[in-house]
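Only one structure is covered here, and it is reproduced in the block below.
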Amino acid sequence: MALDAIPAIDLGPWRSGSAAGRREVAERVAWACENIGFLIVSGHGIPQEVIDRAFSVSRTFFDLPPGEKSRFMPEDGVAPRGYHAVATRNLARTLGQETPPDLREQFFIGPLVPPADRFAHIPGAPLFYSGNIWPAHPVAYREALTEFYCAFEALAERLMGIFAVALGLPEDFFDDKIDEHFSTCPSNHYPVIEDDPQPGQLRCGAHTDFGSLTILAFNDAPGGLQALMPDGSWLDVRPGPGQLAVNLGDMMQRWTNDRWKSTVHRVVNPPEERRTESRRQTIGYFLHPNYDAEIACLDSCCGAGNPAKYPPIMAGDHMREKMERRIDG
């Protein structure tokens, strides 16, 4: 596989159970994770109608007047739940960059049955297991996004099994580290850009993701996702019909002692002549392990001459540090 394209991998052979097919999938995933940190997957088993319904109800919500949408913001304005308006987040700040805030709005949901009692004694943990906020309109929003969350949750668990095998570990290695996760599922809306952005302002500034992996469904338009390639160039990430984008997050890079890449990516603005057709949507699933999961170097990723580069950290502490940096102002 070349470094001038995002690797496309069919997960069908893994799902079919063939030993040779599963081995080939794990090898291709390992190559992509070591060299690029992004991959495009097909054969994932998620029906297209599940994705289409989620996009439809999300679009209807984002079409509501600002005052109606703001009714469903989290009380503290920070919790990854409910509505967050345009220009209230600044992901480039997580990499120490001072840029104007991002030109997108979002609606977050988290675990559908949060295990809040288990983590109530840990300071800061309840925030990540907050109850969901559901909009009153459209009425099908909760049903459609619940269906989407469950489907992508199952795919994320399968991908972590593939990751484990690709790293020379038992397939179930990560199971007890993600069984009470605090994963989020934001629906992202990039409105048509009507006024000139501020200098350095993007639809979403350059950043890495915080958790172990991200799965992203697209309804694409001009001005889209780009990944920073090893040679310093930016490459468009554009899955085809029936495909999803997958990328690694910082926790996976820490787990693998930098063997696998948590790749910098961004969402760029459309060309000025194409602004009127640039309305864009994505819906992502961000797998964040259990709050108390220890993110420490895997035995298969360190050894004599290759010591652990990072101290162990609890997944929730890592997430909290990252979130605190992305709030504008």
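The values are calculated or read from the model by the stated rules, or taken from the named source; none is laboratory data. Computed from a predicted structure; not experimentally measured. Quick reminder, even Gly has a Cβ in these numbers, built from the backbone with ideal geometry, and neighbours come from all protein chains shown. Areas reflect the complete protein model, heavy atoms only, side chains present, ligands, DNA and RNA absent. Shrake-Rupley method; radii C 1.70, N 1.55, O 1.52, S 1.80 Å.
All C-alpha pair distances within segment 98-166, sorted into 5 Å bins from zero, spread as 3, 13, 15, 15, 17, 18, 13, 5, 1 percent across the bins.
Here's the list of aspartates and glutamates a cross-link from residue 69 could span, going by alpha-carbon distance under 12 Å and ignoring same-chain residues fewer than 8 apart: 105. One Cα centroid belongs to segment 283-300, the other to segment 191-247; the line between them spans 22 Å.
Taking the three principal axes of the alpha carbon atoms in segment 1-102, the coordinate ranges are 55, 37, 24 Å, sorted in descending order.
Scattering from segment 215-261 was approximated by placing one identical point on each alpha carbon and applying the Debye formula without solvent; log10 I(q)/I(0) at 0.20, 0.28, 0.31 1/Å stands at -0.81, -1.07, -1.12. Excluding same-chain neighbours fewer than eight residues apart, the lysines reachable from residue 309 by a Cα-Cα span under 30 Å are 177, 261, 322. Residue by residue, segment 199-208 carries 3J(HN,Hα) couplings of x, x, 8, 10, 4, 8, x, 4, 6, 10 Hz when phi is fed to the Karplus relation 6.51 cos²θ - 1.76 cosθ + 1.60 (θ = phi - 60°); x denotes Gly or Pro.
Near residue 138, once Lys and Arg are set to +1 and Asp and Glu to -1 for all other residues with Cβ below 12 Å from its Cβ, the sum equals 0. Highest-first packing order for the peptide set 62-69, 48-55 is 48-55, 62-69, based on the mean count of other beta carbon atoms within 10 Å. Round to the nearest 0.05 the FRET efficiency obtained for residue 308 and residue 196 when R0 = 45 Å and r is the Cβ-Cβ distance. In this case the efficiency is close to 0.45. In plain terms, the C-alpha convex hull of the chain casts an average shadow of 17.0 nm² when viewed from every direction. Mean projected area of the convex hull spanned by the Cα atoms of segment 186-329, taken over all viewing directions: 10.8 nm².
Sorting 178-190, 97-109 by average packing, meaning the other beta carbons within 10 Å per residue, from highest down gives 178-190, 97-109.
Split the accessible area of the chain by element, probe 1.4 Å, and carbon with sulfur accounts for 50%.
Inter-label distance, residue 34 to residue 300: 1.2 nm, where each label sits 7 Å from its Cα along the C-beta direction.
Counted as membrane-span-like here are DSSP H helices of the chain whose alpha-carbon atoms extend 20 Å or more along the helix's own axis and whose Kyte-Doolittle mean is 0.0 or above; these are 48-62, 141-166.
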